[in-house]
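One structure below.
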Amino acid sequence: MGDSLSSLTGINNLTNPSDISKLIHEKTYELSQKGIGIAFLWIPGHCGIDGNELADQEASKAASSTDTHILNFSTYTDLKKLIQTILYHKWQNLWIKQNTKLNTIKNNIQVWRNPGLNRKDETIINRLRIGHTFVTHNYLMAIKAPPICEACGVEFTVKHIIIDCSKYADSRSKQSIPYQLSEALQPDLQSNINIVNFLKETKLYNLI
């Protein structure tokens with residue numbers, strides 16, 4: 001058994017658990033090819049071993065003692081997580097204090113992904129979320145006045161198209177479009193599909 005274990009040299013030089021596991025498998029296989037069998041047994045570390053039991057008791061005493069000196073030590077990983085958490089909260093607080101078209105729809109800074117959509121549909125959904133589309137903002141390039149809805153007599157915006165316009169009421173109902181813009185444009189596949197179908201039915205799809 002001693003010869004078998006001594007053949008597992010190199011383990012102490014590894015730190016990655018997957019590398020250690022791979023090396024053990026390789027050496028075990030090499031030994032089996034030489035007719036040497038190895039049995040791996042799990043042994044409870046503190047079960048019935050006086051020295052280990054005593055060490056465990058002393059460790060518990062030290063952990064609960066007010067006289068134990070606490071080392072003010074943080075690893076790189078600890079500091080990195082702390083910095084990330086602080087920056088996340090600062091960014092989130094800044095985000096919710098702003099008044100933009102996007103943060104009225106998206107009230108957090110988490111990444112919104114659109115799985116299941118093709119490139120064209122994903123682009124359209126994202127344009128609607130930021131409130132800038134061709135049909136609602138091409139007047140800026142043409143140096144004209146903002147477009148006005150012919151049916152309602154108000155400015156033609158993304159919110160008006162998806163939520164308010166009387167001209168598209170039947171299509172909104174048919175596609176189960178919510179009454180809140182944040183719900184209609186949420187990162188949910190079925191909601192996104194409903195919006196795309198709504199735009200196609202109202203002939204607005206290629207104007208976004």
Test: residue in the stretch 147-158 that is under 24 Å from T100 (Cβ atoms), aliphatic (A, V, I, L, M) and not in a helix (DSSP H, G or I): yes
Enumeration of residues in the stretch 122-146 that are among the aliphatic types (A, V, I, L, M) and assigned to a helix (DSSP H, G or I): I124, I125, L128, I130, V135, L140, M141, A142
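Okay, residues lined up against (1) open to solvent by 100 Å² or more (accessible area, probe 1.4 Å); (2) modelled with pLDDT of 80 or more:
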{"site": "L41", "(1), (2)": "yes, no"}
{"site": "D56", "(1), (2)": "no, yes"}
{"site": "K61", "(1), (2)": "yes, yes"}
{"site": "N72", "(1), (2)": "yes, no"}
{"site": "L79", "(1), (2)": "no, yes"}
Any pair with Cβ under 9 angstrom, 6 or more apart, that starts in the stretch 76-105 at a residue that is more than 25 Å from S182 (Cβ to Cβ) and ends at one that is of a type outside the set (D, E, K, R): L82/S74
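Of a type outside the set (A, V, I, L, M), at pLDDT 95 or above and part of a helix (DSSP H, G or I): is that true of K200 in this structure? Give the derivation first.
On the way: of a type outside the set (A, V, I, L, M): yes; at pLDDT 95 or above: yes; part of a helix (DSSP H, G or I): yes.
Answer is yes for this residue.
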Contacts under 7 angstrom Cβ, first residue in the stretch 133-147 being farther than 15 Å from I208 by Cα, partner open to solvent by less than 60 Å² (accessible area, probe 1.4 Å) and not small (G, A, S), 6 or more apart: A145/Y139; P146/Y139
Verdict on N114 being in contact with a Pro (Cβ under 7 Å, 6 or more places away or on another chain), within 24 Å of Q92 (Cβ to Cβ) and of a type outside the set (A, V, I, L, M, F, W, C): yes
Count of residues meeting criterion [within 24 Å of D188 (Cα to Cα) and open to solvent by 40 Å² or more (accessible area, probe 1.4 Å)] in the stretch 135-162: 2
Within the stretch 106-121, considering residues that are outside any loop (DSSP other than H, G, I, E, B) and free of Cβ contacts under 8 Å to residues at least 40 places away in the same chain, the one surrounded by the most Cβ atoms within 10 Å (Cβ to Cβ): K120
So L87, is it at pLDDT 75 or above, within 30 Å of V111 (Cα to Cα) and open to solvent by 100 Å² or more (accessible area, probe 1.4 Å): yes
Residue satisfying condition, being touching a residue at least 12 places away in the same chain (Cβ under 8 Å), touching a helix residue (DSSP H, G or I) at 6+ places or on another chain (Cβ under 6 Å) and outside any helix (DSSP H, G or I), within set I162, I177: I177
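The values are calculated or read from the model by the stated rules, or taken from the named source; none is laboratory data. Small disclaimer: the values here were computed from a predicted structure and weren't measured. Please note: Cβ atoms are built from the backbone with ideal geometry, for glycine as well, and neighbour counts cover all protein chains shown. In case anyone asks, the SASA skips ligands and DNA or RNA and just uses the protein heavy atoms, side chains included. Shrake-Rupley method; radii C 1.70, N 1.55, O 1.52, S 1.80 Å.
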